[in-house]
Amino acid sequence: MVDVDEFIGEAKAEISEELGDSTAIIALSGGVDSSTAAALAYEAVGEQLVPVYVDTGLMRKGETEEIEEVFGYMDSLRVVDAADRFLGALEGVTDPEEKRKVIGEQFIREFETVAGETDADYLVQGTIYPDRIESEGNIKSHHNVGGLPDAVDFEGIVEPLRDLYKDEVRSVARELGLEEVISERMPFPGPGLAVRVVGEVTAEKVRVAREATHIVEDELEEYEPWQAFAAVLGRATGVKGDNRVHGHVVAVRSVESRDGMTARAQELDWETLQRLQSRITGTVEDVSRVVYDVTHKPPATIEYE
């Protein structure tokens with residue numbers, strides 16, 4: 001386990017040295033990794049840092065409002081509404097790796113636009129060690145590693161958390177005084193809900209994944225999962241009222257893990273599973289079935305794509 005105080009001091013010194021007098025963009029998603037990187041960098045260089053939260057249209061329910069509230073103390077914070085651009089870029093894309101690369105490139109282009117407006121030369125990212133392992137090992141491309149385009153218009157990319165695991169990042173976040181809503185929150189994939197939609201990403205499927213994930217996180221909070229969410233798999237027949245419907249199939253996933261490199265599916269009681277399916281099919285429009293994923297990692301990954 002990393003020595004938190006020593007790490008914070010060394011990371012801030014490294015950030016200051018790498019940036020010098022230059023302005024930097026920090027990719028702020030609201031997850032614990034990017035939030036911790038942002039807090040570190042802001043303490044190191046202050047207003048030289050421009051935190052940029054990109055609303056991709058693929059975020060959790062209420063995410064944008066929460067980010068504005070938690071990080072409003074950073075005067076240089078920018079919130080970019082790019083939902084239409086991301087969904088447009090993903091139109092017709094069905095291959096999981098291609099999705100990640102499209103999203104990675106779109107993120108970079110959004111950051112480059114802000115960099116041009118602020119004369120920023122550097123990009124700071126919350127990349128952590130498991131991101132690098134999975135991307136370099138061809139398990140899956142992370143949008144901030146293997147999903148980056150070949151041509152990136154920044155003088156350099158700074159990754160202060162690159163050698164840390166998730167539990168170590170949480171320890172750093174707590175020491176930096178980040179609110180619990182950030183430091184203790186479940187992991188959320190950089191590409192967002194796009195990797196919780198199997199096949200082509202559409203606004204409707206994203207809506208279903210967002211609303212169902214909100215229910216899953218609420219219902220399973222007492223189980224304290226490492227990660228819990230809902231994914232949209234496809235369509236299947238069902239009956240609502242007296243009508244036959246061809247609705248979405250939603251998979252619920254809840255796992256225990258230490259660092260995300262391996263994970264075990266949680267054993268949920270039947271009453272909880274029935275409550276989940278009842279809430280999801282009853283309140284999320286056009287959902288006909290709910291299934292529970294019992295697969296560990298390996299052989300599965302935690303996310304679906």
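Structure summary
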quantity: Residue check, GLU175 closer than 19 Å to SER29 by Cβ, open to solvent by 50 Å² or more (accessible area, probe 1.4 Å) and in the same structural domain as LYS61 (by TED's automatic domain parsing); calculated: no
quantity: Some residue of the stretch 253-260 being among the basic types (Lys, Arg), open to solvent by less than 60 Å² (accessible area, probe 1.4 Å) and over 27 Å from MET1 (Cα atoms); calculated: yes
quantity: The lone exception for GLN266 - which of (1) in contact (Cβ under 8 Å) with a residue 60 or more places away in the chain; (2) open to solvent by less than 30 Å² (accessible area, probe 1.4 Å) it fails; calculated: (1)
quantity: Tally of residues being among the hydroxyl-bearing types (Ser, Thr, Tyr) and surrounded by fewer than 17 Cβ atoms within 10 Å (Cβ to Cβ) across the stretch 19-63; calculated: 1
quantity: Candidate set: the stretch 262-283, residues that are of a type in the set (D, E, K, R) and assigned to a loop (DSSP other than H, G, I, E, B); chosen: the one nearest to ARG132 (Cα to Cα); calculated: GLU267
quantity: Which listed residue is over 24 Å from PRO225 (Cβ atoms), modelled with pLDDT of 95 or more and surrounded by fewer than 23 Cβ atoms within 10 Å (Cβ to Cβ), from GLU105, GLU136, GLU155, GLU200; calculated: GLU200
quantity: For ALA89: the one exception among (1) exposed (fewer than 15 other Cβ atoms within 10 Å of the Cβ); (2) modelled with pLDDT of 95 or more; (3) not in a loop (DSSP other than H, G, I, E, B); calculated: (1)
quantity: Lone qualifier among ALA236, ALA230, ALA300, ALA212 - being free of Cβ contacts under 8 Å to residues at least 24 places away in the same chain, touching a strand residue (DSSP E or B) at 6+ places or on another chain (Cβ under 9 Å) and either part of a loop (DSSP other than H, G, I, E, B) or not assigned by TED's automatic domain parsing to the domain that holds LEU87 (or both); calculated: ALA300
quantity: All positions within the stretch 1-40 that are within 20 Å of GLU69 (Cβ to Cβ) and of a type in the set (A, V, I, L, M); calculated: ILE26, ALA27, LEU28, VAL32, ALA37, ALA38, ALA39
quantity: Output for the stretch 239-261, where each listed residue is farther than 18 Å from GLU217 by Cα, part of a strand (DSSP E or B) and touching a helix residue (DSSP H, G or I) at 6+ places or on another chain (Cβ under 7 Å); calculated: HIS248
quantity: Among (1) at pLDDT 90 or above; (2) assigned to a helix (DSSP H, G or I) - the single one LEU164 does not satisfy; calculated: (2)
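Yes/no matrix, rows are residues, columns are (1) more than 20 Å from LEU193 (Cα to Cα); (2) at pLDDT 95 or above; (3) open to solvent by less than 50 Å² (accessible area, probe 1.4 Å):
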site	(1), (2), (3)
LYS240	yes, no, no
GLY247	no, yes, yes
LEU276	no, yes, yes
ILE280	no, yes, yes
HIS296	yes, yes, no
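The values are calculated or read from the model by the stated rules, or taken from the named source; none is laboratory data. From a predicted model like this one, the values you see are computed outputs, not experimental measurements. All Cβ positions, glycine included, derive from the backbone under ideal geometry; neighbour counts span all protein chains shown. Keep in mind that these areas ignore ligands, DNA and RNA; they rest on the heavy atoms of the full protein, side chains included. Shrake-Rupley method; radii C 1.70, N 1.55, O 1.52, S 1.80 Å.
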